[in-house]
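Remarks on the structure that follows.
The values are calculated or read from the model by the stated rules, or taken from the named source; none is laboratory data. As the structure is a prediction and not an experimental result, all values here were calculated from the model. Every residue, glycine as well, gets a Cβ built from its backbone with ideal geometry; the counts of neighbours run over all protein chains shown. These accessible areas exclude ligands, DNA and RNA; they are computed on the full protein's heavy atoms, side chains included. Shrake-Rupley method; radii C 1.70, N 1.55, O 1.52, S 1.80 Å.
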Amino acid sequence: MNEKLLKPYNPQETEDAIYKKWEESGLFNPDISIQKGFTDADAEPFSIVLPPPNVTGTLHIGHASMLAIEDIMVRYSRMKGKRTLWIPGTDHAAIATQSKVEKDLEKSEGKRKHDLGRDEFLKRVEQFAQNSHDTIVSQIKKMGSSIDWSREAYTLDKERNFAVRTAFKRMYDDKLIYRGFKVINWDPKGQTTISDDEIVYVERKAKLYTFKYSKDFPISISTTRPETKVGDTAVAVHPSDERYKQYVGKEYSFDFAGEPVTVKIVADESVDKDFGTGALGVTPAHSLVDAGIAERHNLPMKQVISEFAKMNVEAKNLKGKKVAEAREIIVEWLRTEGLLEDEKEIDQNIATAERTGGIIEPLPKLQWFIDVNKKFTIPHSEISGISSGSVTSLKELMRAAVADNQIKIIPDRFVKVYYSWIDNLHDWCISRQIWFGHRIPIWYRSTSDTAHPEVYNGMEAPEGNGWTHDEDTLDTWFSSGLWTFSTLGWPNKTKDLETYHPTTVLETGYDIIFFWVARMILMSTYLLGEVPFKTVYFHGLVRDAKGAKMSKSLGNIIDPLDMIAKYGADAVRLSLIIGTGPGNDSKLSEDKIKAYKHFANKIWNAARFVLSMTENTSVAEKPDLAEKDAEAIRVFQDTLKDTSSDIESYRFYLAGEKLYHYFWHTFADIVLEESKSTIYNGDEASKKSAQWTLLHILTESLKALHPFMPFVTEEIWSMMPGTDTLLMVEKWPFDKAQGEPS
RNA sequence: GGGCGAUUAGCUCAGUUGGUAGAGCAAUCCGUUUACACCGGAAAGGUCGCAGGUUCGAGUCCUGCAUCGCCCACCA
């Protein structure tokens, strides 16, 4: 017997060596697996992309959980003989990464990005991204992920940039991408636009002021932002509101805190008669709602707040003041003028930027958008409900893709969430005023009409002089939206693309259903005419033992690397799987991880015992079995049958628990204990039967446990008699088609 | 305002199509004779949030309510 087995299991001495063995075998790559004869060349494909971690730092326990779940699916599929491909990669995460580097730069050198200039700053970001990337890769390996490194991708590498430019051009040519002067979400802190989905609402106390613009003005209005009122161009009332009917259509001009203001009274259905005074001061430039009213009534738009969240007006007392200061000044002015009628404290949802925390300042800007409602002709479609050559829209495509279970979502309650998002979906603002990211493939050249320069879109810069490249970059989710097929070589018609797309399953957190999952569906259905994946499996958040979100400030972070160092990756994996259903948050404590370390050791010890008791036994030579042993095997087979169907139905938490329970409390505590007396005292035939049974169940258990605990099972496998190949490419021990263990 | 989820043993959670409640951890007791103390055995622990209803039978289905949590929404 191997001497290593005589000591307790030591994951630290084992795991790196095992991973190296796997990598060197090349068998994470399905092409090599076929070459070496472990996979049939025409076997059913199974493919999955790794949700690319952001290169903003290191992996957290949530990533570890994701890797564990995905690796279980991947290893199971591989053992089932499928052409199994798992593609790794990282995400440049434009805003997140850039703002991280900006912070570091400010902290360490006291510099801003403009002190360095675009090129120099980008070099710094890329250096940072490279370091993060290297850390992330080593962490993914530590978890035991059987992922094909030969196909690794990055959302900002050359191939993906080519895909991005191709996608942009297709959409531009179809007029789905357009440039428009619209009220957008401006993040004054990050100095960029952001999309609706990047807004986080924070509840705060705010003061609701009720006042009149001037003594002669007939209607009182309420607002929490008096400073924006210098930009009002209308007051909107409900058409059926008898109180104000007589004023509709009239126009009033007055001086408001030193600024000349003209408002028109308009009637609009969207106004709530019962809120406040039932009259709404319309500020078209600084509110998305008001911009809508302004559009309906053809009202002028007056920008009064700058990109730095400062007042941009002529009035001397306000000009250049921060919005908060301007608010005070105006409230004070209203008070002295006797115009303020009421102020009361209310709860308000304030919009902040997800990445920088800056308070969103809606303002009008010329930006690039994707039109989600515009009709176009789709040349090719395999989406049911959308035929090739038909006229459709991106919204319709996104809806159709999830209808009829073409994309199955687990748990299915997220289907509703997805649809309601689509129902409320506005055009997607895709341009960002940051430096790190895919540069927008648009060039401008001035013409005699200064307001309308010549615009060019192409794969490369246009010929001729005088062209300037658009300064902006694309929303990071534009490139991640292409991920399922840009990683497979698209827009080239590669064999990978043909074989592995649509991908079999997408496994990711429910928190990025809109950001990422929906955008992948948009891009894939539009560009390929097919769904990006057949199944979406949403995992939940990993919380601490008390159910609190893990965060640096709370100091309750469980670092997966620390845990792996302490308890081994197998234990970490199992602790993240068991008790964790799809779509539900789970709680993790160090005790739980410890418990599964004990399990790894239990397997180890059971293997030692079985091997020491069965030295002349071969699984290939099955003796006549005693009834007791036959029954033990039947029980084991039932377990395999159950766990197989659990895995196929994405119930990994059940499969893991059943295997754990079977191995420990049935195999080790009962089968193995009872075999002792037979082997020590029984007759030759019953001894042989018991020995064979032990070795058989151990052998098959290692296979079944392998997707969950790849390291310890592979290590024991290497010590089993007559095994010269890797456990990771052994056949899964239960075959549904035959209805019995294979 | 709309939607969703959770509520089962002290803690964490199972309970897949309705058939007399389960596991792990913790706590209690016993045990170290030849795989493992990172162990084994035993016992203990729940009116399955509340109130109705459907059913021969409900933790499981329906209705209402409560508490906690999450998501969405342009109520100024």
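Among the aspartates and glutamates, which fall within straight-line cross-link reach of A:Lys250, defined as a Cα-Cα distance under 17 Å, with same-chain neighbours fewer than 8 residues apart omitted?
Straight-line reach from A:Lys250, under 17 Å: A:Asp216, A:Asp232, A:Asp241, A:Glu242, A:Asp268.
Restricting to bridges with both residues inside chain A, how much of the DSSP beta-bridge set is antiparallel, in percent to the nearest 5?
On the way: 58 of 81 bridges.
In chain A, DSSP labels about 70 percent of beta bridges as antiparallel.
Pick out, from A:Ser649, A:Val536, A:Ile199, the residue whose Cα sits farthest towards the positive end of the charge dipole of chain A, with +1 on the Cβ of Lys and Arg and -1 on the Cβ of Asp and Glu.
It is A:Ile199.
Once you've got the Cα coordinates, tell me which of A:Lys602/A:Lys687; A:Lys641/A:Lys731; A:Lys103/A:Lys552 are over 22 Å apart. Mind showing how you got there, number by number?
Working: A:Lys602/A:Lys687 24 Å; A:Lys641/A:Lys731 15 Å; A:Lys103/A:Lys552 17 Å.
As for pairs spanning more than 22 Å Cα to Cα, those are A:Lys602/A:Lys687.
If all Cα-Cα distances of region A:646-696 are sorted into 5 Å bins from 0 onward, what percent lands in each bin, rounded to whole numbers?
For region A:646-696, the binned pair fractions read 5, 20, 20, 16, 12, 11, 8, 6, 3, 0 percent.
With all protein chains present and a 1.4 Å probe, how do A:Thr277, A:Thr283, A:Thr262 order by accessible area, largest first?
Values: A:Thr277 25, A:Thr283 5, A:Thr262 65 Å².
From most accessible down to least: A:Thr262, A:Thr277, A:Thr283.
Could the peptides A:370-378, A:510-518 be put in order, highest first, of the mean number of other beta-carbon atoms found within 10 Å of their residues? It would help to have the intermediate numbers written out before the result.
Values: A:370-378: 16.4, A:510-518: 19.3.
Going by the mean number of other Cβ atoms within 10 Å, highest first, we get A:510-518, A:370-378.
Checking the table A:Lys182/A:Lys408; A:Lys546/A:Lys597; A:Lys212/A:Lys245 against a 25 Å threshold on Cα-Cα, which pairs fail?
Numbers: A:Lys182/A:Lys408 36 Å; A:Lys546/A:Lys597 22 Å; A:Lys212/A:Lys245 18 Å.
Going by Cα-Cα distance, A:Lys182/A:Lys408 fall outside the 25 Å limit.
If you place +1 on the Cβ of every Lys and Arg, -1 on the Cβ of every Asp and Glu, and leave all else neutral, what size is the dipole of chain A about its Cα centre, to the nearest 20 Debye?
Values: 93 positive and 110 negative charges, 201 e Å.
With Lys and Arg at +1 and Asp and Glu at -1, about 960 debye.
May I ask for the net charge around A:Asp31, where only other residues with Cβ less than 11 Å from the Cβ of A:Asp31 are counted and Lys, Arg are +1 while Asp, Glu are -1? Intermediate values should be presented prior to the final figure.
On the way: positive: A:Lys36, A:Arg83, A:Arg151, A:Lys495; negative: A:Asp148, A:Asp496.
Overall, the nearby charge balance is +2.
Can you find, among A:Gln12, A:Val55, A:Gly110, the residue sitting farthest towards the positive end of the charge dipole of region A:1-118, where Lys and Arg contribute +1 and Asp and Glu -1 at Cβ?
Sorting the options by dipole projection puts first A:Gly110.
Under the classification rounded if a/c is under 1.5, otherwise prolate if a/b is larger than b/c and oblate if not, where does region A:264-364 fall, given a ≥ b ≥ c as square roots of the Cα gyration tensor eigenvalues?
Details: a/c = 1.33, a/b = 1.11, b/c = 1.20.
It comes out rounded by the Cα gyration axes.
Cβ under 14 Å from A:Ile329's Cβ, A:Ile329 left aside: what net charge do those residues give with Lys, Arg +1 and Asp, Glu -1? It would help to have the intermediate numbers written out before the result.
Values: positive: A:Arg225, A:Lys229, A:Lys310, A:Lys316, A:Lys319, A:Lys321, A:Lys322, A:Arg327, A:Arg335; negative: A:Glu227, A:Glu259, A:Glu325, A:Glu328, A:Glu332, A:Glu337.
After counting each charged neighbour, the total is +3.
Per-residue counts of other Cβ atoms within 10 Å, averaged by peptide: what ranking do you get for A:547-554, A:197-204, A:303-310, highest first?
Values: A:547-554: 10.4, A:197-204: 15.2, A:303-310: 18.9.
Packing order, densest peptide first, comes out as A:303-310, A:197-204, A:547-554.
Going Cα to Cα from A:Lys207, which aspartates and glutamates come in below 16 Å? Please leave out same-chain ones fewer than 8 positions away.
Cross-link targets: A:Glu227, A:Glu325, A:Glu328, A:Glu332, A:Glu341, A:Asp342, A:Glu343, A:Glu345, A:Asp347.
At a Cα cut-off below 12 Å, give the aspartates and glutamates reachable from A:Lys395, other chains included and same-chain residues fewer than 8 away excluded.
A:Asp371, A:Asp423, A:Asp427
Pick out, from A:Gly258, A:Phe275, A:Thr336, the residue whose Cα sits farthest towards the positive end of the charge dipole of region A:240-341, with +1 on the Cβ of Lys and Arg and -1 on the Cβ of Asp and Glu.
A:Gly258
According to the square roots a ≥ b ≥ c of the eigenvalues of the Cα gyration tensor, what is the shape class of region A:316-356, taking rounded for a/c under 1.5, prolate for a/b larger than b/c otherwise, and oblate for the remainder? Kindly include the intermediate steps, with their values, before the conclusion.
Values: a/c = 5.37, a/b = 1.39, b/c = 3.88.
It is oblate, given that a/c is not under 1.5 and a/b is not larger than b/c.
Whenever you get a sec, line up A:Asp255, A:Asp591 from highest to lowest accessible area (probe 1.4 Å, protein heavy atoms). It would help to have the intermediate numbers written out before the result.
Values: A:Asp255 85, A:Asp591 110 Å².
Result of the area sort, largest leading: A:Asp591, A:Asp255.
Could you tell me whether chain A comes out rounded, prolate or oblate from its Cα gyration tensor? Rule is a ≥ b ≥ c as square roots of the eigenvalues, rounded for a/c under 1.5, then prolate if a/b exceeds b/c, otherwise oblate.
Values: a/c = 2.52, a/b = 2.19, b/c = 1.15.
Prolate is the answer for chain A, as a/c is 1.5 or above and a/b outweighs b/c.
Net charge near A:Phe308: determine it from the other residues with C-beta under 15 Å of the C-beta of A:Phe308, scoring Lys and Arg +1 and Asp and Glu -1.
Details: positive: A:Arg112, A:Lys189, A:Lys310, A:Lys319, A:Lys321, A:Lys322, A:Lys365; negative: A:Asp187, A:Glu227, A:Glu307, A:Glu325, A:Glu361.
Here the count lands on +2.
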